[in-house]
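K.L.:
Okay, handing you the structure first.
Laboratory data are not the source of any read-out in this text; all were calculated from the coordinates shown. None of the values given here were measured: they were computed from a predicted structure. Using ideal geometry, Cβ is built from the backbone for each residue, glycine included, and neighbour counts are taken over all protein chains shown.
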Amino acid sequence: MAERMVAVDGVELCTESFGDPPDPAVLLVMGAGVSMLWWEEGFCRMLAGGGRFVIRYDHRDTGRSVTYGPGRPGYTGADLVDDLGRVLDAHGVSAAHVVGVSAGGAFAQVFALDHARRVRSLVLISTTSAVPGDRELPPPTEEFVRFVSAAHAAGPDADSVVDHQVAYARVLAGGRRPFDEAAVRGLARRDVERARDFTAARNHDVLPGGERVHAPLSSIAVPALVIHGTADPLFPLGHGEALAEQLPDGELLTLEDAGHGVERADWATIVPAILGHTAGAGRRWR
């Protein structure tokens, strides 16, 4: 295991791998605004211990990957999708099982639409459809809307950024379980201290989406496992249910009282589910 800087198509990205390269590859795609550290090392090692070659990486403007000027990202959301292929190329992987959380789940869906031959299966956690459908979906919770509306923007200093990340993580946790503030604060602190420029992640909030037209999700042929918490405040459970229904080979795993993200309390459920799914077990992963 070691961090590795790669440059593909002139884009410098920081990646890290776990396990043996001959094993089936699992590419972990984090959500917007945070680095690969939020795919925690213990989680990655559990997957690798199950016989997977696990790759995580920093999006542009997070961690040690390339950064751009504040408010001037110089790339689009479509470029972040294409970065999945760049990371696979750098590791010599032709196709991988792609696991995305939150915005990373949307990136994974679009990657599967644009680069079908490179995706062996999908695992979509705490996310929603990347392609608009005709089903009405539940809005975020009132508590989440209040937090965002109160303009809890992080200040320019590291301590303010850490405080903001902890407060945001508390809201995303959903409020039905104990919140481990010490663990989250430690992770947020490491994220900030490791970053080339911890203010650059705000560029994800102003990204243009690009002009690509995508096929419907029903055209995704690979197996897809949708994992969703029943207490997700950003994308309530209806989003996960609708997503699983839109995917021809989709199934849904619900996490009771879980919020938005990959919580340590759920690793014992999520890891075996991913291992079973990526082994081709399909609906036998239960």
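K.L.:
Filter the chymotrypsin sites (Phe, Trp or Tyr not before Pro) in the stretch 1-107 down to the DSSP loop ones having no more than 14 other Cβ atoms within 10 Å, then list what survives. Write out the running numbers ahead of the final one.
P.N.:
On the way: sites: PHE18, TRP38, TRP39, PHE43, PHE53, TYR57, TYR68, TYR75, PHE107; in loops: TRP39, TYR68, TYR75.
Answer by residue number: TYR68.
K.L.:
Further question on the same structure: Between ASP197 and VAL148, what is the label-point separation in nm under the 7 Å Cα-to-beta-carbon projection?
P.N.:
2.6 nm
K.L.:
Still on this model: Which whole-number percent of Cα pairs in the stretch 25-117 have a distance greater than 22 Å? Walk me through the numbers before you get to the answer.
P.N.:
On the way: 1036 of 4278 pairs.
For the stretch 25-117, the fraction of Cα-Cα distances above 22 Å is 24 percent.
K.L.:
How high is the relative contact order of the stretch 70-179, given as a whole-number percent (alpha carbon pairs under 8 Å, six or more residues apart)? Don't skip to the answer; put the middle values down first.
P.N.:
Details: 88 pairs, mean separation 19.8, N = 110.
The normalised contact order for the stretch 70-179 reaches 18 percent.
K.L.:
Note down the relative contact order for the stretch 161-259 as a percent, whole number, built from C-alpha pairs under 8 angstrom at least six residues apart. Numbers along the way, then the final one.
P.N.:
Numbers: 115 pairs, mean separation 31.8, N = 99.
It comes to 32 percent, rounded to a whole number.
K.L.:
Sort out the exposed loop GluC sites (Glu not before Pro) in the chain (DSSP loop, at most 10 other Cβ within 10 Å) and tell me the longest stretch that has none.
P.N.:
Numbers: sites that count: GLU136, GLU211.
The longest such stretch corresponds to 1-135.
K.L.:
Run the dipole for the chain about the Cα centre, Lys and Arg Cβ at +1, Asp and Glu Cβ at -1, nothing else charged, and hand back the magnitude in debye, nearest 20. Can you show the working numbers first?
P.N.:
Numbers: 27 positive and 38 negative charges, 97 e Å.
Dipole of the chain, to the nearest 20 debye: 460 debye.
K.L.:
Any idea what diffusion coefficient the chain gets from Stokes-Einstein, in µm²/s, Kirkwood Rh on alpha carbon pairs, 20 °C, 1.002 mPa s? All intermediate terms of the calculation are to be shown ahead of the outcome.
P.N.:
Working: Rh = 19.0 Å.
Answer from the Stokes-Einstein relation: 113 µm²/s.
K.L.:
Separation between the VAL8 and TYR68 pseudo-spin-labels, each 7 Å from Cα along Cα→Cβ, expressed in nm?
P.N.:
1.9 nm
K.L.:
Now, a different point. Pop a pseudo-label 7 angstrom from the Cα along the beta-carbon direction at both THR76 and ASP89 and give the gap in nm to one decimal.
P.N.:
Here the modelled spin labels are 1.8 nm apart.
K.L.:
Residue separation times 0.36 nm, minus the C-alpha to C-alpha distance between ARG170 and HIS214: what's the value? Let's see the in-between values first.
P.N.:
Details: separation 44, 0.36 × 44 = 15.84 nm, distance 3.43 nm.
Full extension of this stretch gives 12.4 nm more.
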